[in-house]
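The values are calculated or read from the model by the stated rules, or taken from the named source; none is laboratory data. All values reported here derive from a predicted model rather than from experimental measurement. Don't worry about glycine lacking a Cβ; one is built from the backbone with ideal geometry, like all the others, and counts go over all protein chains shown. All accessible areas refer to the heavy atoms of the entire protein, side chains included, with ligands and DNA or RNA removed. Shrake-Rupley method; radii C 1.70, N 1.55, O 1.52, S 1.80 Å.
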Amino acid sequence: MIKLVNDTINNSDIDKLIEWLGTYPRLTKGELTTQLEEKWSKWLGTKNTVFCNSGSSANLLMLWALVEAGRIKKDSKIVVPSVAWATDLSPIIQLGMTPILCDSNLEDLSVDLNHLEKIFKETKPEVLLLVSVLGLVPKMGMIKALCDKYNVILLEDTCESMGSEWGTKKLGTFGLMSSFSTYFGHHISTIEGGFVSTNDKELYEVLKSIRSHGWDRDASPEYSKELRNKWKTSDFDALYTFYHSGFNLRSTDLQAFIGLGQIDKLDDICKKRNKNFKIYQKELVDISPSIIERGFISNFAYPIIHECRDIIVTKLQKEDIEVRPMICGSMGTQPFYVKNYGRKSLPNSSIIDKHGFYVPNHPELKKEDILKITSIIKDNI
């Protein structure tokens, strides 16, 4: 079988983990979590990072941190791409905010800029949660300019795009905050896990607090002192004093130990994913619409949009090649959205929903595997 993904945690990683466990270390969140956060921030190019239990939780943390920090109100309008993941949209609904679906383009599967500007003009949203789909690079300069023009906060869901770059910067460094996933099958794995990264000091403090119930145990001495003075909290009472409406979205030092080793592999992983992407691009150059190569693409999986999708998918599956629909297709047709707001169809997202699928890309994929996949695709178009 040609698998869609492979596990980046190998036997050597597990052997190191077994050896570390033999020292009977602390397993819950502790010093190693802090080391992982610092190492990730340095790799990404941001000042601060918070490690949590999933990329989905990272999205939840970003949105709620804006409320707890007083940057937006609870009833704010949040723009989210129609081609996205369920937990880009779900936290918006769960937190009582108003989601506004933006259509996608067919070049990089990110937001359609004309529709985005129309939304900004007509609805005056507070936030855009941008998703860089499958490691493809959106038109970051134009998106950032629109957000600045209409005073919209930019958040980045970069869960599928570790290492992708626009210009000289990695995706995940353009917004006020960005989220990443370290789930199995993503660029790197901590079994389960995620990051929120930001350069904003206040949001960093709030993120740490709401990750762990809303208390100040992870806060800097300055922020902790500020909170305790404001609420006249003694050091003893501070043990169980909750300053923010928080969650328990912590990960563990066991996962942080794995993550520290995973980051060492990440540059090589990104290069291999990019190399595979270029082979796909060369072999499928005549497929319409074509995916635009913009910047450095650390491709998560290779996307195809074609009216022969069902025929191609059947042929690929018969050859033991794993294949998936294009993420969630159109979020406006997903049952949980329809139940809340009714069905919403958008032109390009509907095309992606009906005709889109993606095929494997991971560091262990061989060139002959890619040529087999692309041959089947071309033979059935």
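Numbers at a glance
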{"item": "Whether segment 284-381 is rounded, prolate or oblate, judged on the alpha carbon gyration tensor where a/c under 1.5 counts as rounded", "result": "prolate"}
{"item": "Cα long-axis angle, helix 31-44 against the chain (0 to 90 degrees, to the nearest 10)", "result": "50 degrees"}
{"item": "Semi-axis lengths, Å, segment 52-160, gyration tensor of Cα atoms, sqrt of 5 times eigenvalues", "result": "20, 17, 12"}
{"item": "Radius 13 Å from Cβ of Lys366, net charge of other residues (Lys, Arg +1; Asp, Glu -1)", "result": "+2"}
{"item": "GNM top mover of Arg250, Arg294, Arg273 - the chain, alpha-carbon springs below 10 Å", "result": "Arg294"}
{"item": "Accessible solvent surface per residue of the chain, calculated while the other protein chains remain in place, 1.4 angstrom probe, Å²", "result": "44 Å²"}
{"item": "C-alpha center-to-center spacing [segment 208-243, segment 265-294] in angstrom", "result": "47 Å"}
{"item": "Anisotropy class of segment 40-92 from Cα gyration tensor, a/c 1.5 cut", "result": "oblate"}
{"item": "Alpha-carbon centroid distance for the pair segment 71-129 / segment 303-380, whole angstrom", "result": "23 Å"}
{"item": "Amide proton proximity set for Cys52, modelled H, under 5 Å, gap of 5+", "result": "Gly194, Phe195, Val196"}
{"item": "Antiparallel DSSP beta bridges within the chain, as percent of all bridges there, nearest 5", "result": "60 percent"}
{"item": "For peptides 236-243, 208-215, sequence by mean Cβ density within 10 Å, most packed first", "result": "208-215, 236-243"}
{"item": "For the chain, built as a Gaussian network whose Cα springs stay under 10 Å, the top-fluctuating residue of Ser161, Ser12, Ser56", "result": "Ser12"}
{"item": "Positive-end residue, the chain charge dipole about Cα centroid, Cβ charges, pick of Asn10, Tyr223, Val67", "result": "Val67"}
{"item": "Read-out Rg/Rh (Cα atoms, Kirkwood Rh), derived from the coordinates shown; its label in (i) 0.96; (ii) 1.13; (iii) 0.98", "result": "(iii)"}
{"item": "Highest-fluctuation residue, Pro363, Pro335, Pro91 considered, GNM on the chain with Cα pairs under 10 Å", "result": "Pro335"}
{"item": "Estimated dipole of the chain in Debye, rounded to 20 [Cβ of Lys and Arg +1, of Asp and Glu -1, Cα centre]", "result": "600 debye"}
{"item": "Carbon + sulfur, % of accessible area of the chain - ligands and nucleic acids excluded, 1.4 Å", "result": "51 percent"}
